[in-house]
Amino acid sequence: MRWSGRRESENIDDRRQLGGSGKIALGGGLSGIIVLLLVWLMGGNPLELMNMMQEDQSGQTGVYESSAEEDSLKHFSAFVLASTEDVWTAIFKQMGKTYRKPTLVFFSGYVNSACGSASSSTGPFYCPGDEKLYVDLSFYDEMKRSLGGGGDFAFAYVIAHEVGHHVQKLLGTNEQYEKLRQKASEKEANALTVKLELQADFYAGVWAYHEKKLFDSLDDTDLYEAINTASAIGDDRLQKQAQGYVVPDSFTHGTSAQRQRWFKKGFDTGDIRQGDTFSMKNL
Ligand SMILES: [Zn+2]
């Protein structure tokens, strides 16, 4: 993906220095663990104490040491976010609406959001409650290593998918989804979640269509990367990797084929009216 000289978003909240990256050195090994256990047993928060110890040792709030690769990934993510801001602002304007820009939070280890606390193993997520996207940059390596997806555009696709959930929040789709879900059986609820996820993939494709049209920044390998990632993180692939078989009713993101199809439909049309996954029987 060609992006040098492009605008980077200011809606970035870098919380990496606050997270527990697992690198915190406790004073006395085992005794440190016992202290934390005692704090926990007495109803305190061990994480708070760990942060305090970290502050004590460095004389200031722990400074996060970002690698050169993480730094460039951070700039790249800020560029992708800026691009989604431009594209979605224009699309919302066409619909007579105003696009409210979300914030992208970088974290390491764990993070607190309006949706509760999460660890890196959750993967990137969007919280409708505070309209923020949460990303641990180490997910990029994870994606390359274990999911078989990689490349810069694949990471852009992941961010654009989370922005897609934000678009759903702004358009009221998320609220409708929550209402329907409350009345649904577990099987129906899972089917609804698949529709929500596939629509976020579709919106990522719509963004990619406009990004390419406006800036000629994508070539065929980029699209291949995105589709490869979509297929690598499809629920059927993840399930097979984890348990060796597939249980269709517990799908929450859609199959690899569905995710590829909806991303591509967004990318081919660039038209958000084509993405009503909820009214469709066959996805
Ligand atoms: Zn999603």
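For GluC sites (Glu not before Pro), the sites in region 62-128 that DSSP calls loop and that have at most 11 other Cβ atoms within 10 Å are Glu65.
Working from label points 7 Å from Cα in the Cα-to-Cβ sense, the Asp216 to Arg181 distance is 4.3 nm.
Sorting the segments 207-213, 8-14, 95-101 by their mean number of nearby beta carbons within 10 angstrom, highest to lowest, gives 207-213, 8-14, 95-101.
Net charge in the neighbourhood of Ala82 (other residues with Cβ under 14 Å of its Cβ; Lys, Arg +1, Asp, Glu -1) is -1.
Straight-line cross-link partners of Lys195 among the lysines, defined as a Cα under 23 Å from its Cα and at least 8 positions apart when in the same chain: Lys132, Lys169, Lys179, Lys183, Lys187, Lys240, Lys264, Lys265, Lys281. As an equivalent ellipsoid, region 66-279 spans semi-axes of 23, 22, 19 angstrom, where each value is the square root of five times an eigenvalue of the C-alpha gyration tensor, largest first. Using every Cα-Cα pair within region 80-179, state what percent have a distance larger than 15 Å. That fraction is 63 percent.
Taking 19 Å as the straight-line reach from the Cα of Lys93, the aspartates and glutamates in range (excluding those fewer than 8 positions away in the same chain) are Glu85, Glu211, Asp271. With R₀ set to 22 Å, the beta-carbon distance separating Gln17 from Lys144 gives a calculated FRET efficiency near 0.35.
Taking other residues whose beta carbon is less than 12 angstrom from the beta carbon of Asp71, and scoring Lys, Arg as +1 and Asp, Glu as -1, yields -2. Computed extension length for Arg7-Leu171: 56.5 nm, one decimal, from 0.36 nm per residue of separation with the Cα-Cα distance subtracted.
Values quoted throughout were computed directly from the atomic coordinates according to the rules given, and no laboratory measurement underlies them. As the structure is a computational prediction, the values presented were derived from the model and not from experiment. All Cβ positions, glycine included, derive from the backbone under ideal geometry; neighbour counts span all protein chains shown.
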